[in-house]
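> My questions all concern the structure below.
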Amino acid sequence: MKMKTQGASLLTRPLIVTLLASFCCLLWGSAIPMINLGYRLFAIAEGATATQILFAGCRFFLAGVLTLLIAAAQRRGSVRLRATGWGKAVRLALVQTIAQYVFFYIGVAHTESVKGSIILGLSAFVAILTACYLFRSERMNALKWLGGLIGVAGVVLVNLDGTKLDASVSLTGEGFLLISMLASACSAGMIKRYGQSENPVALSGWQFVIGGAVMAAAGALLGGRLHPQRAEAVVVLLYLAALSAVAYTLWAVLLKANPVSRVAVYMFLEPVFGVLLSLALVNSQTGVSLLRCCAALVLVCLSILIIGRGQKEEGV
C-alpha cells in the first residue's frame, strides 16, 4: 500500500506529468506522418475507407496485445479485469477506439486538411469541458477557460497557412470529425472514472484488443485488403501499434493519478508536434513556417501554465 501511495505521489509531480504527457503527445504527433508513410507502403489509396479501417484495426489490435504484455510484465499488475470490468472495457472500446477512429478516417477523407486539423486540435479543450460539466470530476474556473482558449489559438495558428476557410460543412466531413473529437474528449473522462476501480493498463489493453478486432473485421467485410509493398510496411505498422500501446498506457496512468484538465491540456501539443515532425520527416517544403510553429508552441505552453495555475486555485 505504501509503494502504491508513493507511486501515485510521483505521478502527480508537475515535472513528471509534464515529461510523460508531453512524451505521449510527441508519440501521437509522430503517428500522422507515419500513417501517411504506412499508406504508401501498403499501397492504400486516399479514398479506400475500408482498407484504412482495416489498417487501423490491425494497428490497434496489435497495440492491445502489446499493452497487455506491458501489464503482465508489471509484478503489481495483471491482465485480468474484474467481472464488472469487461463492460467498462467494451464501452471504452466503443468510444475511444471504434467511434473515435472510424469517424476520424471517414471524416478526414471528406474534409479540407486545415479545417480537419483545427477541429481535431480542439480535443484538449473539449476534454476539459466534458470533465467539468459532463463527468463532474472537477470544477471549471476562469483560468481554465482562459488557458483553454489560448491553447485553441495555438492550434489554429499552427494550422493556418493562408488557406481561406469557408463556412461549408458536411455530415460525413466536418460532422464526423466533430464526433471523433467528442469521442476522444469523452474517453479521457471515462478512463479517469473507470481507472479508479480497474487496472488502467489492463483496461486500456483490452479495449484496444476489442476495438481493434471489431474495426479489422468491419474493414475486411467491407472489402478492405492490405498489400505490403516492402518489408518496411510491417515495421511501420508495428511502430504505430507500439506508440499507441506506450502512449495510451502512460496516459491512462496519468489520468488515474491527476485531474483530467491537468493532463488533457497537454493534448494541445499533439498538433504542434505533428506539424513539426511532418516538416522534418515528410515534407520540408510545406507552407507551414517554423516561426509560426514556434509561436504556436509558446501559446500552448502558456495555456498549460495557466490551466495549471487554475488547478492550484482549487487546491488539487
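Every read-out reported here was derived from the displayed coordinates using simple, explicitly stated rules and does not represent laboratory data. Remember, predicted model here, so these are calculated numbers, not experimental data. Neighbour counts run over all protein chains shown; Cβ positions are idealised from the backbone, glycine included.
> Give me the number: length gained by fully extending Trp86 to Met140, i.e. 0.36 nm times residue separation minus the C-alpha to C-alpha distance, one decimal in nm. Please report the intermediate quantities before stating the final value.
Working: separation 54, 0.36 × 54 = 19.44 nm, distance 3.15 nm.
Contour length minus the Cα-Cα distance gives 16.3 nm.
> Next up: If you average the alpha carbon positions of segment 34-91 and of segment 194-220, how far apart do those two centres end up, in angstrom?
Between the Cα centres of segment 34-91 and segment 194-220 lies a distance of 7 Å.
> Okay, moving on. What does the charge count around Leu41 come to, taking other residues whose C-beta lies under 11 Å from its C-beta (Lys +1, Arg +1, Asp -1, Glu -1)?
Value of the local net charge: +1.
> Does segment 135-265 classify as rounded, prolate or oblate by the C-alpha gyration tensor (a ≥ b ≥ c root eigenvalues; a/c under 1.5 gives rounded; else a/b over b/c gives prolate, otherwise oblate)?
Oblate, since a/c reaches 1.5 and b/c is not below a/b.
> Identify the trypsin sites (Lys or Arg not before Pro) of segment 54-104 meeting these criteria: DSSP loop state and at most 13 other C-beta atoms within 10 Å of the C-beta.
Within segment 54-104, the qualifying trypsin sites (Lys or Arg not before Pro) (loop, at most 13 other Cβ atoms within 10 Å) are Arg75, Arg76, Arg80, Arg82.
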